[in-house]
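Asks: This structure is in structure tokens; I'll ask about it shortly.
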Amino acid sequence: GGNGDGLDAFNGQYSGQGTPLARTGGLHYDGKWNSDKESINANYKIGSLGVDGTSNTLTQNNTPAGIFNSNANQITNNFMFRQKLDFTYQIKLDTTANLKIGVDGTLKNTHTKSDYTTTSADGNGNLLNDNARNIDNNDNTQIFDASAFYTKKFKKKGRTLSFLAAVSENEINSHGYLKSKADFYGLTGKPDSTQLIDQYKTAGVNNSVLKTNLTYTEPLSSLFSVILNYGLGVTSGTSDLKSFNLSAPGVYNVLVDSLSNNYKLNELSNQVGAIFNYKKNKTTLNFGTKVSNVNFNQTDEVTGAVLKRDFINLAPQANFQYRFSQYQALSVNYQGNTVQPTISQIQPVAVNTDPLNIIVGNPNLTPSFTNRLTFYSSSYKVLSGQSIFFNGGYNVTSNPIVSSLVTDSTGKSTNQYVNLASRRQSNYWVFAGFDRKIDKIGIAIGVNLSANGSKSYNLANGELNLNQSYTYSGHLRLSKYKEKKYEFYLNFGPDYTISGSSLQPEINNNGRGLNGNYEFAIYLPGKFQVGSDGSYEYKGKTQTFNTNFNRTLINASLSKTFLKQDNLKLSLAANDLLNQNVGFNRSSSGNFITQNSYTTIQRYFMISLVWDFNKMGGVTAKK
């Protein structure tokens with residue numbers, strides 16, 4: 001994951017931000033022999049993805065000293081070329097045992113280029129700083145994975161054995177440039193200092209992982225069984241990151257020690273677990289836990305310093321299900337897990353990718369623990385077409401790992417993660433729905449009600465900040481369907497969000513919204529079909545963002561089917577007829593309230609011809 005050099009990385013996936021251009025191709029082979037006891041599946045895939053786009057991010061930073069507002073614009077040009085080859089072989093060793101072997105390899109070449117311009121001001125609108133920076137980065141990645149999975153069923157019903165062994169190798173080599181100019185303004189409104197950065201960065205990251213897992217299932221009685229497992233994991237890796245300043249124009253050979261490191265990592269983990277299962281009539285219950293002991297050893301190859309961590313991961317679980325009938329059930333599930341700090345949170349090396357927002361590691365972090373409780377209930381009546389469903393969940397985290405942000409008078413921030421043993425973070429969600437068909441008018445009516453909320457903490461300039469956010473929404477659904485004639489669906493409803501922080505209680509992000517979507521299709525003579533679908537989204541202005549957001553998306557299509565089985569289809573489709581599609585998101589995290597607007601795919605037209613065929617045709621039985 002990631003190139004590790006602190007520069008921007010592109011994961012090769014399109015997430016809806018920007019305009020993509022994808023080219024893909026591949027070959028596939030699948031074959032069986034030996035009376036279908038052996039089989040091979042092989043694939044070769046090749047492709048590229050380029051994503052270009054712009055975005056604007058407005059951020060409000062609430063601190064004890066006041067409010068800091070920033071306006072950031074970004075232009076990105078991302079490109080990845082990728083090849084992947086995978087091979088899977090399966091064999092039925094006998095009537096009770098199977099073996100599956102898989103191998104795959106991937107090559108990726110990535111180029112990422114980003115241009116940023118950012119301005120920051122205080123709550124009174126006084127300019128604090130501005131920053132223009134450019135990042136140009138190249139990654140070369142090689143990935144290799146191999147696994148073997150053996151399963152065995154014994155004569156005693158329910159007794160099974162399985163063994164999994166998997167290895168992976170991951171090598172990333174990257175190099176790139178960071179260029180930045182930041183001006184800081186004094187009381188006169190003119191720059192009183194400037195920070196210039198012109199650096200060349202390299203990264204060599206290697207990671208090797210071996211994992212094994214042995215699982216044994218034993219029926220203790222006709223109602224009770226246990227699943228036992230043992231797993232061994234071995235990880236070794238190296239991370240060599242370097243940053244260089246200029247000694248002469250175009251010559252980067254002055255090593256920056258504070259932004260460079262060379263680490264070697266070894267990690268050994270042992271996991272044991274036992275899960276008990278009970279099933280009788282309408283009741284199913286399972287409970288148990290998995291426990292992992294992890295020995296972490298990291299050596300600084302430059303200084304010789306060693307960081308050792310030995311810790312225990314707990315993962316208790318329990319699930320209860322009761323089926324009142326075929327169409328009515330209740331389920332309650334519990335899961336707990338230890339959350340270890342990540343390497344990037346621990347690593348005591350500064351990263352200056354964004355000179356105005358510096359991240360510093362904290363090697364003294366300890367793990368947190370999260371408890372999760374979820375439930376689900378459903379009831380369906382066949383004759384009336386009535387359904388009622390209700391589900392929800394609650395999570396609470398003890399000893400959470402939270403952000404400790406320090407923002408100075410110039411608007412520059414330094415972030416470090418710390419444990420907050422005296423507080424617990426939590427979040428919840430509930431969802432209830434009701435559907436029923438009104439036979440007299442042939443329309444199905446449904447109502448949804450939902451709510452979610454969260455309570456989290458962070459430190460801002462040393463002061464504790466409580467962040468709370470709650471959203472409530474309701475939706476009405478209408479639908480009607482008549483086979484080969486028409487179909488119609490409509491869903492819409494309002495929502496309201498309450499969001500704010502304890503440091504600035506007079507400033508919040510409360511706001512109302514409205515959203516909905518529809519679909520309809522009409523079947524015409526001559527095997528023609530016309531249809532449309534669309535959505536509407538409204539976000540009202542808040543104290544933080546004083547503009548409304550409206551977006552209406554309408555898509556339409558005209559199609560005709562051919563052949564006896566209607567398996568050849570010609571379609572003309574129009575996407576985003578009003579050309580209103582824009583990327584938009586509002587969120588809050590820590591003491592930040594953020595609004596992001598970005599380019600995305602807008603109006604286009606497409607003609608498609610699709611032929612669904614089956615070479616088998618029909619089956620003739622012979623005696």
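The values are calculated or read from the model by the stated rules, or taken from the named source; none is laboratory data. What you see is a predicted model; the values in this text were computed from it and never measured. A quick note on method: Cβ atoms are made from the backbone with ideal geometry, for glycine too, and the neighbour counts reach across all protein chains shown. Remember, those area values only see protein heavy atoms, side chains included, never the ligands or the DNA or RNA. Shrake-Rupley method; radii C 1.70, N 1.55, O 1.52, S 1.80 Å.
Asks: Yes or no: LYS108 over 30 Å from SER409 (Cβ atoms), within 27 Å of the chain's Cα centre (by Cα) and not in a loop (DSSP other than H, G, I, E, B)? Give the derivation first.
Replies: Working: over 30 Å from SER409 (Cβ atoms): yes; within 27 Å of the chain's Cα centre (by Cα): yes; not in a loop (DSSP other than H, G, I, E, B): yes.
Considered against the rule, which asks whether it is over 30 Å from SER409 (Cβ atoms), within 27 Å of the chain's Cα centre (by Cα) and not in a loop (DSSP other than H, G, I, E, B), LYS108 comes out as yes.
Asks: Condition check: surrounded by fewer than 19 Cβ atoms within 10 Å (Cβ to Cβ) and touching a Ser or Thr at 6+ places or on another chain (Cβ under 9 Å). Does PHE68 satisfy that?
Replies: Considered against the rule, which asks whether it is surrounded by fewer than 19 Cβ atoms within 10 Å (Cβ to Cβ) and touching a Ser or Thr at 6+ places or on another chain (Cβ under 9 Å), PHE68 comes out as no.
Asks: Please work out which residue is farthest from THR289 (Cα to Cα), limiting yourself to the stretch 228-257 and to residues that are of a type outside the set (A, V, I, L, M) and outside any strand (DSSP E or B).
Replies: Pass one, the stretch 228-257, residues of a type outside the set (A, V, I, L, M): 229-231, 233, 235-240, 242-245, 247, 249-250, 252-253, 257.
Keeping just the survivors that are outside any strand (DSSP E or B) gives 249-250, 257.
Numbers: PRO249: 60, GLY250: 58, ASP257: 45 Å.
So the residue we want is PRO249.
Asks: Sticking with this structure for a sec: Taking the stated definitions as given, is LYS480 more than 30 Å from THR414 (Cβ to Cβ) and not in a strand (DSSP E or B)?
Replies: Values: more than 30 Å from THR414 (Cβ to Cβ): yes; not in a strand (DSSP E or B): no.
No.
Asks: What single numbered condition from (1) under 30 Å from the mean Cα position of the chain (by Cα); (2) closer than 30 Å to THR141 by Cβ fails to hold for TYR200?
Replies: (1)
Asks: Determine which member of the set VAL402, VAL396 is closer than 29 Å to ALA329 by Cα and open to solvent by less than 40 Å² (accessible area, probe 1.4 Å). Steps first, answer last, please.
Replies: On the way: VAL402 fails: closer than 29 Å to ALA329 by Cα.
Only one candidate qualifies: VAL396.
Asks: Here's another thing I want to ask about it. Among the listed residues VAL302, VAL272, identify the single one that is outside any strand (DSSP E or B) and open to solvent by 60 Å² or more (accessible area, probe 1.4 Å).
Replies: Unique residue meeting the criteria: VAL302.
Asks: Can you name every residue in the stretch 309-354 that is touching a Phe, Trp or Tyr at 6+ places or on another chain (Cβ under 6 Å), at pLDDT below 90 and within 20 Å of ARG372 (Cβ to Cβ)? Don't jump to the end; show me each part of the working.
Replies: First pass over the stretch 309-354, keeping only residues touching a Phe, Trp or Tyr at 6+ places or on another chain (Cβ under 6 Å): 309, 318, 327, 330-332, 338, 345.
Pick out the ones that are also at pLDDT below 90 and you get 309, 345.
Result: no residue meets the conditions.
Asks: Restricted to the stretch 159-193, and to residues that are open to solvent by 60 Å² or more (accessible area, probe 1.4 Å) and not in a strand (DSSP E or B), which residue is nearest to ASN253 (Cα to Cα)?
Replies: Restricting to residues being open to solvent by 60 Å² or more (accessible area, probe 1.4 Å) and not in a strand (DSSP E or B), the top hit is LYS190.
Asks: If you take the residues in the stretch 194-215 that are open to solvent by less than 60 Å² (accessible area, probe 1.4 Å) and aliphatic (A, V, I, L, M), which one is farthest from SER344 (Cα to Cα)?
Replies: ILE197
Asks: State yes or no: is GLN83 out of contact with any helix residue (DSSP H, G or I) (no Cβ under 7 Å at 6 or more places or on another chain) and under 28 Å from THR119 (Cα atoms)?
Replies: Numbers: out of contact with any helix residue (DSSP H, G or I) (no Cβ under 7 Å at 6 or more places or on another chain): yes; under 28 Å from THR119 (Cα atoms): no.
In short, no.
Asks: Still on this structure, I have one more. Counting just the residues of the stretch 129-143 that are of a type in the set (A, V, I, L, M, F, W, C) and over 23 Å from the mean Cα position of the chain (by Cα), which one comes out least open to solvent (accessible area, probe 1.4 Å)?
Replies: Only one residue tops the list, namely ILE135.
Asks: Go through the stretch 88-120 and count every residue that is hydrophobic (A, V, I, L, M, F, W, C) and touching a residue at least 60 places away in the same chain (Cβ under 8 Å).
Replies: The total comes to 0.
Asks: Continuing with this model, one more query. Determine, yes or no, whether PHE244 is under 30 Å from SER377 (Cα atoms) and either at pLDDT below 90 or of a type in the set (A, V, I, L, M, F, W, C) (or both).
Replies: Numbers: under 30 Å from SER377 (Cα atoms): no; either at pLDDT below 90 or of a type in the set (A, V, I, L, M, F, W, C) (or both): yes.
The answer is no for PHE244.
Asks: Could you list, ordered by first residue, the pairs with Cβ atoms under 9 Å in which the first is in the stretch 523-535 and more than 14 Å from SER557 (Cβ to Cβ) and the second is acidic (Asp, Glu), at least 6 apart or interchain?
Replies: If the second residue must be acidic (Asp, Glu), the pairs left are LYS527/ASP566.
Asks: Right, something else. Report the residue count in the stretch 216-238 for those that are open to solvent by 30 Å² or more (accessible area, probe 1.4 Å) and either among the hydrophobic types (A, V, I, L, M, F, W, C) or within 30 Å of the chain's Cα centre (by Cα) (or both).
Replies: 10
Asks: Let me ask something additional. Any residue in the stretch 279-286 that is surrounded by 14 or more Cβ atoms within 10 Å (Cβ to Cβ), modelled with pLDDT of 95 or more, within 27 Å of PHE311 (Cβ to Cβ) and of a type in the set (Ser, Thr, Tyr)?
Replies: Checking the stretch 279-286: not a single residue is surrounded by 14 or more Cβ atoms within 10 Å (Cβ to Cβ), modelled with pLDDT of 95 or more, within 27 Å of PHE311 (Cβ to Cβ) and of a type in the set (Ser, Thr, Tyr).
Asks: Please work out which one of (1) over 20 Å from LYS569 (Cα atoms); (2) exposed (fewer than 14 other Cβ atoms within 10 Å of the Cβ); (3) touching a residue at least 24 places away in the same chain (Cβ under 8 Å) is the condition ILE498 fails and give its number.
Replies: (2) is the only condition that ILE498 fails.
Asks: In the stretch 29-48, is there at least one residue being under 22 Å from ALA121 (Cα atoms), surrounded by fewer than 17 Cβ atoms within 10 Å (Cβ to Cβ), at pLDDT below 95 and of a type outside the set (Val, Ile, Thr)?
Replies: no
Asks: If you don't mind, there's one more thing I want to ask. Return a yes/no flag: does the stretch 83-102 have any residue that is within 24 Å of the chain's Cα centre (by Cα), among the hydroxyl-bearing types (Ser, Thr, Tyr), open to solvent by 30 Å² or more (accessible area, probe 1.4 Å) and at pLDDT 95 or above.
Replies: So the first thing to find is which residues in the stretch 83-102 are within 24 Å of the chain's Cα centre (by Cα), and the list is 83-84.
After this cut, where a residue has to be among the hydroxyl-bearing types (Ser, Thr, Tyr) as well, the list is none.
Within the stretch 83-102, not a single residue is within 24 Å of the chain's Cα centre (by Cα), among the hydroxyl-bearing types (Ser, Thr, Tyr), open to solvent by 30 Å² or more (accessible area, probe 1.4 Å) and at pLDDT 95 or above.
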